[in-house]
Amino acid sequence: MIDLHCHSIYSDGYLTPTELVKKAQNLNVSMMALTDHDNIDGLEEFRNSAIEHNIRPINGIEFSTKWKKYDLHILGLNIDPKSPHILEAIARNCESRDLRAKYIAEKLEKIANVENAYEKAREIAGHGFIGRPHFARVLLHEGKVKEFQGAFTQYLGKGKKAYMPTNWESLEYIVNAIVQGGGQAVIAHPYKYRLTRTKLHELIKAFKEANGKGIEVVSGRMLKSEIIELAGIAQRFGLLASTGSDFHGVEVSEILPGKQALLPENVVPIWHEM
Ligand code: AMP
Ligand code: MN
Ligand code: MN
Ligand code: MN
């Protein structure tokens, strides 16, 4: 099994890179990418323990980007973690992320009576990276919502009471950083953005012009019909196909590492060029 999309505690995952690797090994994963959001802090531990457990490690990252009015996720696979282009892109997105975290905390203090929300999220996060899922866990711990998911539908999701837009770097900037950083850029989970077909085609055109190479044909839990459609799109637009579980932890993810559906036969897997 191959899994090119997973998270650890260095972003919003629940396992350390080593725990993630052990879990993946038990599930017969042979090649794996760690793709934490906007950071690469787990890659060294991940690489060492993957090699120790006979898994081929791929250095990855999942960048947040802005394209038109959409927040899109772009995977960088096989990146050089020392590349100044990658490091600069990370620094810029992290600054915006931290600023947003402060705004979200202020909002939650006002509208949900959560005291010291920033510090609490930071403590749960543990490694400096603060994402909306950490605020979701604060809301859950404080009894403001009954379920993790409810934190998004009531407070943190787009357009909800504590939603704050983030000044992510542009699609073009991020794809360029990945390419200059020796990696391959991949559009993550294309179905999650609720793009019309026309908009998706427009996105792919902009992505290819920026030198993007791949698209996630399989990502986490998907319908068979969605996979077939995305495989057709990959084929038609000459994009390499990627696959991943987008596993964050058993607490929040239905699909375990390597347990996502197989890629259809009519696509070219991205690892053929890695
Ligand atoms: P952030 O990068 O801080 O905006 O957080 C985005 C992350 O939050 C995603 O990668 C998911 O892990 C999680 N997430 C986003 N929307 C939802 C949702 N509706 N329900 C549960 N988790 C979500
Ligand atoms: Mn996430
Ligand atoms: Mn994502
Ligand atoms: Mn992800």
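Every number here is computed from the coordinates shown, using simple stated rules; none is lab data. Since we're looking at a predicted model, the values are computed, not measured. Heads up, the Cβs are rebuilt from the backbone with ideal geometry, glycines too, and the neighbour counts pull from every protein chain shown.
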Q.
I'd like the distance between the alpha-carbon centres of segment 228-265 and segment 180-212, rounded to an integer number of Å.
A. 15
Q: Assuming 0.890 mPa s and 25 °C, estimate D for the chain with Stokes-Einstein, Rh taken as the Kirkwood radius over Cα pairs, in µm²/s.
A: 130
Q. Can you give the percent of C-alpha pairs in segment 1-92 whose distance is more than 23 Å?
A. 21
(Q) For a quick check, take a GNM of the chain with Cα springs below 10 Å and name the residue from Ile104, Ile187, Ile174 with the largest mean-square fluctuation. (A) Ile104
Q.
Here is the link list: Lys66/Lys144; Lys66/Lys158; Lys23/Lys158; Lys69/Lys110. Which ones come out longer than 25 Å on Cα distance?
A. Lys66/Lys144; Lys23/Lys158; Lys69/Lys110
Q.
Which aspartates and glutamates, if any, have their Cα less than 16 Å from the Cα of Lys146, not counting same-chain residues under 8 positions apart?
A. Glu251
Q.
Connecting C-alpha atoms closer than 10 Å in a GNM of the chain, tell me which of Ala241, Ala91, Ala177 has the biggest fluctuation.
A. Ala91
**Q.** Leu34 long-range amide H proximity, modeled H, under 5 Å
**A.** Ile58, Gly60
Q: Quick one: net charge around His7, please, counting Lys, Arg +1 and Asp, Glu -1 for every other residue with C-beta under 10 Å from its C-beta.
A: -4
Q. Over segment 1-123, what is the percentage of antiparallel beta bridges among all DSSP beta bridges, to the nearest 5?
A. 55
Q: Kyte-Doolittle cut-off -0.5, length cut-off 30 Å along the helix's own axis using Cα: show which whole DSSP H helices in the chain pass.
A: 84-112
Q.
Below 14 angstrom from the Cβ of Val252, what's the summed charge of the other residues (Lys, Arg +1; Asp, Glu -1)?
A. -2
